[in-house]
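Report on the structure given below.
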Amino acid sequence: MNSSNPLLIVGSIAFDDLDMPTGEYRDVLGGAATYASLAASLVARGSTRVVGVVGADFPEAHLGELRARGVDTTGVERAAGRTFRWHGRYSADLASRTTLDTQLNVFADFSPKIPAAHRASPFVLLGNIHPKLQVAVVEQVQRPTLVAADTMNFWISGEPAALAEVLKRIDLLVINDEEARELSGIHNLVRAAADIRKRGPKLLVIKRGEFGALLFDDAGAFFVPAYPLEDVLDPTGAGDSFAGGLMGYLASRGEVSPLVIRKAMFFAAALGSFCVEGIGPSRLLAVTRPDLAARMASFARLVEHGGDLTLPS
Ligand code: AMP
């Protein structure tokens, strides 16, 4: 356990309505900050802090579930009104999803206020919120070691100037392949990565769902596969769990060397894999540290090849 390098996570806390091939699930605990903090807390126990907003309808018991995992919820504001709500429908093969409804509710007026006790957090994860709010968070924290951010197509196309400012203020951007292509205007991901890194973040992770994830940094490109699973139930929150696992590992190690971030990529992929094994965050809420340790061992076997790939003479 290492609580000397706290991780601050800012983002949505939600009720999700999920139309899955296996059935319809209503009022499921969701939101990017929820998934990311649950994932991070499994890796970095006792040092994850979440900042977000919920409405009067949000059960205290849900915050209790986060606290039970060691997540500090003192930065979660409770506002008058209803909690942010998202409704999505997945295709039969879970490969695509359609947003049927987004109700911002109390999230519409969300202006993150970082509690004084959280402003010195050395690791910061900015979930997918308005880029101006992401910058507002950066302005409230004191010289962090690493600031990471997520974003989405909505902001890439709708708020390009504000997003350009975010890119200048962060160290790590974690986005999916479609977002990388849209942000750069370049289809080839290696070229897209070079273009995006020139705009600010020295570190870039491009997630490719079941096809793994790529890291681009000064040491070059690095790839981690998705952990192969027989049963995938619900991809909701996988990207946020990936980012939470990545940042949780970096925070627990307290440094961001090329080797440490390469190891963090495996923790990120492992947390993403647990997330998709349950509806909503159910599996993440049930996973234990021994479960994670076992998955990491299995992951290590998946990619183990002896380390020598020199051409035979
Ligand atoms: P992911 O599957 O990683 O894209 O994350 C899904 C989560 O993001 C769900 O739990 C939603 O509640 C949340 N979400 C969906 N749309 C938005 C949005 N516009 N802003 C913030 N969070 C959102």
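Largest GNM mean-square fluctuation across Ala161, Ala44, Ala243, computed for the chain with C-alpha springs under 10 Å, falls on Ala161.
Of the residues Tyr90, Ile114, Gln134, the one whose Cα sits farthest towards the positive end of the charge dipole of the range 1-160 is Ile114 (charges of +1 on Lys and Arg Cβ, -1 on Asp and Glu Cβ, taken about the Cα centre).
If only the Cβ of Lys and Arg carry +1 and only the Cβ of Asp and Glu carry -1, the dipole of the chain around its Cα centre is close to 1020 debye.
Summing -39500 (n - 2.57) over the DSSP H runs of n ≥ 4 in the chain and dividing by its residue number, what mean residue ellipticity at 222 nm do you reach, to the nearest 500 deg cm²/dmol?
On the way: 11 runs with 119 residues, N = 313.
Dividing the helical sum by the residues of the chain leaves -11500 deg cm²/dmol.
Along the axis of the charge dipole computed for the range 186-313 (Cβ charges of +1 for Lys and Arg, -1 for Asp and Glu, origin at the Cα centre), the listed residues Pro201, Thr310, Leu285 are led at the positive end by Pro201.
Taken over the chain, the percentage of Cα pairs per 10 Å bin, counting from 0 up to the bin with the maximum distance, is 6, 29, 38, 22, 4, 1, 0, 0.
For a footprinting-style exposure proxy, rank Val53, Val147 by other Cβ within 10 Å, fewest first. It would help to have the intermediate numbers written out before the result.
Working: Val53 26, Val147 23.
Ranking Val53, Val147 by Cβ neighbours within 10 Å, fewest first, gives Val147, Val53.
In a DSSP loop and with at most 15 other Cβ atoms within 10 Å, the GluC sites (Glu not before Pro) in the range 180-279 are Glu230, Glu255. Dipole magnitude for the range 30-169: about 300 debye, using +1 per Lys or Arg Cβ and -1 per Asp or Glu Cβ, origin at the Cα centre.
Quick one: dipole size for the range 180-219, taken about the Cα centre, charges +1 on Lys/Arg Cβ and -1 on Asp/Glu Cβ, in debye to the nearest 20. Can you show the working numbers first?
Working: 8 positive and 5 negative charges, 22 e Å.
Magnitude of the dipole: close to 100 debye.
Among the lysines of the chain, pairs at least eight places apart or on separate chains and with Cα atoms under 15 Å apart come to 4.
Each part gets one Cα centre, and for the range 190-230 versus the range 39-110 those centres are 26 Å apart. Within the chain, antiparallel bridges make up roughly 40 percent of the DSSP beta bridges whose residues both belong there. Most simply put, the range 1-116 has about 45% antiparallel DSSP beta bridges, counting only bridges with both residues inside it. For the listed peptides 62-74, 93-105, a ranking on the average number of other beta carbons within 10 Å per residue, highest first, reads 62-74, 93-105.
Here, each number is a calculation from the coordinates, and none is a lab measurement. Fair warning: this is a prediction, and the values are worked out from it, not measured in the lab. As a convention, Cβ positions derive from the backbone with ideal geometry for all residues, glycine included, and neighbour counts pool all protein chains shown.
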